[in-house]
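Peer 1: One structure, as structure tokens, below. Some questions next.
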There are 2 protein chains.
Amino acid sequence: MARDYGWELSTAIVLFHEAVARRLGLNAAEHKALGAILRSGPMPIGALAPELGVGVTALTGIVDRLERAGYVLRRPDPSDRRRTLLVANPDKTPDLGGIFADLGQAMAEFQSRYDEHEMAVITDYLDNTIRVLRDQVTRLAS
Amino acid sequence: MARDYGWELSTAIVLFHEAVARRLGLNAAEHKALGAILRSGPMPIGALAPELGVGVTALTGIVDRLERAGYVLRRPDPSDRRRTLLVANPDKTPDLGGIFADLGQAMAEFQSRYDEHEMAVITDYLDNTIRVLRDQVTRLAS
DNA sequence: CCATTTACTCCACTACGATGGACTATCCAT
DNA sequence: ATGGATAGTCCATCGTAGTGGAGTAAATGG
């Protein structure tokens, strides 16, 4: 039987995510919330909650712990003082960078062995895979 | 700025996993346990627990719910009557198969456009990516 | 300026994941 | 045969994710 690359890659990525979270001392909910804040930049709790698919009340406690752990800061929004913006703590970004720097280096090392055409094939494959997965998520949610 | 394929693929896979779990009515722990049972075949709780990184006591409740939902059966191990083997319920496998059949078909469709050499490049890339991710998991756990 | 809406927090509650300890049944080595 | 180890469940307990409802503070619209 041929190797099931899809399943193996999928498992490897999920395990990697979990390992990162464990290394940062975060559980799944906190890790997911921190990821969204890092990706989308400063945002109020009210915008983050629907993005994660939970109510704002559930987020208060999660953000409490992220703040206590030093990953996130609550900053008042100057343009609307009801809101508190969630900001990734710049003092902690080196921690995060360190984790992914090794990964990036290891990936770059073997990627450099591919020529231009090969690299084009790979990105085409990744592009299609991502598209298919997103389609499937949409289908499954319906 | 170039697209970050690694991040996009990673996110797409994680979201796909979550969508599958939601579709099956399972939470993360149950989904993970069911995946391990499907992958490794019938196994006692005592073998599954370390694989998932939890204690056996935590698994009792998870398996209870998987059994109640019909995905898993508890069968006595004839060779050691202390043990109960966890078996994927064959009646439910069509449900699981249906979810992945669409994915497999969509993947196969665009994969058929690659020639032999291109496919070799892709599997080489996937192989290396899986290796690097596993190395990183090991490193992060240390 | 007052009523309404909005943003967030706090509270009580439910459910789950995980732990350690106690217990039962079974296996196995002496 | 019996004493110890092993497999699994049950129990009490803790921390956490999620809900809905109440409350506070601030923005907004007539």
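Peer 1: Which of A:57, B:123 comes first, and how do the rest follow, when ranked by fewest Cβ neighbours within 10 Å?
Peer 2: Ascending number of Cβ neighbours within 10 Å: A:57, B:123.
Peer 1: Within the stretch A:1-36, list the residues whose amide N lies under 15 Å from a label point set 7 Å along Cα→Cβ of residue B:27.
Peer 2: Correct set: A:27-30.
Peer 1: Determine the shielding of peptide A:113-125 by partner chains: average, over its residues, the number of Cβ atoms on other chains within 10 angstrom of each Cβ.
Peer 2: Numbers: counts 3, 4, 1, 0, 3, 7, 2, 2, 9, 8, 4, 5, 13.
Across A:113-125, the average partner-chain Cβ count within 10 Å equals 5.
Peer 1: Give a residue-ordered list of calculated ³J(HN,Hα) values for the stretch A:22-38 (Karplus: 6.51 cos²θ - 1.76 cosθ + 1.60, θ = phi - 60°; whole Hz; x for Gly, Pro).
Peer 2: 4, 4, 7, x, 10, 8, 4, 5, 5, 4, 5, 5, 4, x, 5, 5, 5
Peer 1: Let me ask something else about it. Taking θ as phi - 60°, what are the ³J(HN,Hα) couplings along the stretch B:9-20 by the Karplus curve (6.51, -1.76, 1.60), each to the nearest whole Hz, with x for Gly and Pro?
Peer 2: These are the phi-based 3J(HN,Hα) values: 5, 4, 5, 4, 5, 4, 5, 4, 4, 5, 5, 4 Hz.
Peer 1: What's the magnitude of the charge dipole for the protein assembly as shown around its Cα centre, counting Lys and Arg as +1 and Asp and Glu as -1 at the beta-carbon? Answer in Debye, nearest 20. Numbers along the way, then the final one.
Peer 2: Working: 34 positive and 38 negative charges, 315 e Å.
Rounded to the nearest 20 debye, it is 1520 debye.
Peer 1: Still on this model: Relative contact order (percent) for chain B, with alpha-carbon contacts under 8 angstrom and 6 or more residues of separation?
Peer 2: Over chain B, the number comes to 17 percent.
Peer 1: In whole Å, how far is the Cα centre of the stretch B:42-62 from that of the stretch A:86-142?
Peer 2: Using only Cα atoms to place each centre, the spacing works out to 32 Å.
Peer 1: Next up: Extension gain residue A:141-residue A:36, at 0.36 nm per residue separation less the Cα-Cα distance, in nm?
Peer 2: Result for the pair: 35.8 nm of gain on full extension.
Peer 1: Once both labels are modelled 7 Å past Cα along the beta-carbon direction, what's the residue B:68-residue B:110 spacing in nm?
Peer 2: About 4.1 nm, to one decimal.
Peer 1: So what is the orientation-averaged projected area of the stretch A:5-93, using the convex hull of its C-alpha atoms, in nm²?
Peer 2: Numbers: hull surface 25.8 nm².
Computed as one quarter of the Cα hull surface, the answer is 6.4 nm².
Peer 1: Other chains' Cβ within 10 Å of A:93-104 residues: what's the mean?
Peer 2: What the average comes to for A:93-104 is 2.
We did not get these values from a lab; they are worked out from the coordinates using the rules stated. Please read these numbers as outputs of a predicted model, since none were measured by experiment. Every residue, glycine as well, gets a Cβ built from its backbone with ideal geometry; the counts of neighbours run over all protein chains shown.
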